[in-house]
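Written below as structure tokens is the structure these notes are about.
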Amino acid sequence: MKNFNPADNIQDLQYFGEFGGVNPSISDSSTYTFLSAKTMFDTFEGNMEGCYLYSRHSSPSNLYLDKAMAAMEGTESANVSASGMGAITPTLLQLCGTGDHIVSSRTIYGGTYAFLKNFTPRFGIKTTFVDITKLDVVEAAITPETRVLYCETVSNPLLEVADIEGLAKIAKRYKLTLVVDNTFSPLSVSPAKLGADIVIHSLTKYINGSSDTVGGVTCASQEFIDSLKNVNSGASMLLGPTMDSLRSASVMKNLRTLHIRMKQHSYNAMYLAERFEKDGLKTVYPGLKSHPSHEIYKTMINPEYGFGGMMTLDVGTLEKANALMELMQAKNLGYLAVSLGFYKTLFSAPGTSTSSEIPMEEQIEMGLTDGLIRFSIGLDNDIERTYQMMKKCMMELDILTAESILTE
Ligand SMILES: *Cc1c(COP(=O)(O)O)cnc(C)c1O
């Protein structure tokens, strides 16, 4: 674990274009020629290394990004897809069929929650949603039919931290596959090194980082990736959520700066979280000592990348949250938008946006309050200036009062 550095692993890969370009050439073909008919047959059967068949299966550009993602997560292989959901849904459908059962964290991305709650029951796959931070509760939910343990490293939107090593031990004991969505914490956490079997990312967020595309990846053993892409029985191959080559080449170029960006996102988020907490706002950030999982998260991260760029503030009511977000946008402090990992700060009220798939009673039960604002902190050059400007907005709306400023 100590010698594993995901950014160095990416850096250590070497690619040339076919004419010696410093970026690999983009493969711009849906289909590929064969010199002999026999080779075509063997490629269909999956027996030919280095031969391409058809771009829904794989393309040279996608394989470059696959390799980089596998290097980053320390898995044997990876498979990129057209979106994060395009990685999550085939992975789960590859692992589970009729009669199978999944134990999932209840605080997960709204789309994943909706898929497990509303969609997979159509195929006879049942899911029990649990508080993933309580390992005894997780274990108690396992039945003889359970196949998969599913969680996010840092959950959306409440920033709960999953104890991946603890979950991996449970998964081993019951012969389950531990699937971890690591979208919120690329580089910071390396789930496969902590015992996860499969690591998923929405590339849409930090990894691409420019909010110009959706994309996803599944990182796993060679055997599992081969099964996903199998022409006869692979969920990725048959459902067809293929990333386009032009896009994978573009994501690959953005990946080159991920380590620099993550450090700045983490620095800025830590800066704001510490100050707003001191100002008396209910602040959730895994880098704060007050965060219930701070100690465990500290042992999980590759420390140079920090605690990540996601933070929540509770400003009391939905009205105040909405007013603050509109004012901050008007002052150009960020954008009122879902998603994360952009150079600008993005903010939204999860109860009415990204987590709106979750019924109101369940939102209350899991602590998703009305006044909660989720921030993806941007790459602001002068974060002290940003802090002062945000504080001014909060004072204007009586979210912070003169007293709380004076007592500093
Ligand atoms: C955005 C997101 C997804 C879904 O990814 P898309 O690229 O939008 O399909 C899945 N998990 C998490 C944690 C996300 O933030």
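The values are calculated or read from the model by the stated rules, or taken from the named source; none is laboratory data. Quick caveat: nothing in here was measured; it's all calculated off a predicted structure. So basically every Cβ, Gly included, is an ideal-geometry build from the backbone, and we count neighbours across all protein chains shown. All accessible areas refer to the heavy atoms of the entire protein, side chains included, with ligands and DNA or RNA removed. Shrake-Rupley method; radii C 1.70, N 1.55, O 1.52, S 1.80 Å.
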- Message: Go through (1) buried (at least 20 other Cβ atoms within 10 Å of the Cβ); (2) in contact with a helix residue (DSSP H, G or I) (Cβ under 9 Å, 6 or more places away or on another chain) for N322 and report which single condition fails.
- Response: (1)
- Item | Subset of segment 67-88 that is within 16 Å of the ligand (Cβ to nearest atom) and assigned to a loop (DSSP other than H, G, I, E, B) - its residue that is least open to solvent (accessible area, probe 1.4 Å) | G84
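What's the total number of residues in segment 93-126 that are assigned to a strand (DSSP E or B) and either over 15 Å from P144 (Cβ atoms) or within 15 Å of the ligand (Cβ to nearest atom) (or both)?
So in segment 93-126, the residues assigned to a strand (DSSP E or B) come out as 101-105, 126.
Checking which are either over 15 Å from P144 (Cβ atoms) or within 15 Å of the ligand (Cβ to nearest atom) (or both) leaves us with 104-105.
Of the residues in that region, 2 qualify.
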- Message: Let me spell it out: the conditions are (1) surrounded by fewer than 23 Cβ atoms within 10 Å (Cβ to Cβ); (2) within 16 Å of the ligand (Cβ to nearest atom), and Y174 meets all of them except one. Which number is the exception?
- Response: (2)
- Query: How do the pairs read when you match residues in segment 173-187 that are closer than 12 Å to T146 by Cβ with residues anywhere that are of a type outside the set (S, T, Y) and open to solvent by 20 Å² or more (accessible area, probe 1.4 Å), using Cβ under 6 Å and keeping only pairs 6 or more apart or on different chains?
  - Reply: Y174/I142; T177/L95; T177/D197; L178/D197
- Task: Taking the residues in segment 205-217 that are touching a residue at least 60 places away in the same chain (Cβ under 8 Å) and more than 12 Å from the ligand (Cβ to nearest atom) as candidates, determine which candidate is surrounded by the most Cβ atoms within 10 Å (Cβ to Cβ).
- Result: G209
- Query: Out of the residues in segment 177-193 that are touching a Ser or Thr at 6+ places or on another chain (Cβ under 9 Å), among the hydrophobic types (A, V, I, L, M, F, W, C) and farther than 18 Å from Q222 by Cβ, which is farthest from the ligand (Cβ to nearest atom)?
  - Reply: V189
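Can you say whether Y64 is over 27 Å from E145 (Cα atoms), of a type in the set (S, T, Y) and surrounded by 19 or more Cβ atoms within 10 Å (Cβ to Cβ), as far as the supplied structure shows?
Values: over 27 Å from E145 (Cα atoms): yes; of a type in the set (S, T, Y): yes; surrounded by 19 or more Cβ atoms within 10 Å (Cβ to Cβ): yes.
Taking the combined requirement at face value, the residue satisfies it.
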- Item | Residue tally, condition acidic (D, E) and in contact with a Pro (Cβ under 9 Å, 6 or more places away or on another chain), over segment 243-278 | 0
- Which residues, counting only those in segment 124-142, are touching a Cys at 6+ places or on another chain (Cβ under 7 Å) and either open to solvent by 30 Å² or more (accessible area, probe 1.4 Å) or farther than 12 Å from H101 by Cβ (or both)? I132
- Message: Anything in segment 19-47 that is closer than 18 Å to Q222 by Cβ and either open to solvent by 70 Å² or more (accessible area, probe 1.4 Å) or in contact with a Lys or Arg (Cβ under 6 Å, 6 or more places away or on another chain) (or both)? List them, or say none.
- Response: E45, N47
- List the helices (runs of 4 or more DSSP H) that sit entirely inside segment 191-278 and contain at least 1 residues that are at pLDDT 95 or above and under 16 Å from A87 (Cβ atoms). 222-229, 235-239, 245-255
- Inter-residue pairs, beta-carbon under 8 Å, first within 16 Å of the ligand (Cβ to nearest atom) and in segment 130-157, second open to solvent by less than 20 Å² (accessible area, probe 1.4 Å) and acidic (D, E), 6+ apart: Y150/D181; C151/D181; E152/D181; T153/D181
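Evaluate the following for D163: is it without any contact (Cβ under 8 Å) to a residue 60 or more places away in the chain and open to solvent by 10 Å² or more (accessible area, probe 1.4 Å)?
Numbers: without any contact (Cβ under 8 Å) to a residue 60 or more places away in the chain: no; open to solvent by 10 Å² or more (accessible area, probe 1.4 Å): yes.
Criteria not met by D163.
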- Message: If I filter segment 182-193 for residues that are touching an Asp or Glu at 6+ places or on another chain (Cβ under 7 Å), open to solvent by 10 Å² or more (accessible area, probe 1.4 Å) and closer than 25 Å to G97 by Cβ, do I get at least one hit?
- Response: yes
- Selection status of P90, of a type outside the set (S, T, Y) and more than 20 Å from the chain's Cα centre (by Cα): no
- Message: Can you confirm whether T317 is open to solvent by 10 Å² or more (accessible area, probe 1.4 Å), within 19 Å of S105 (Cβ to Cβ) and at pLDDT below 95?
- Response: no
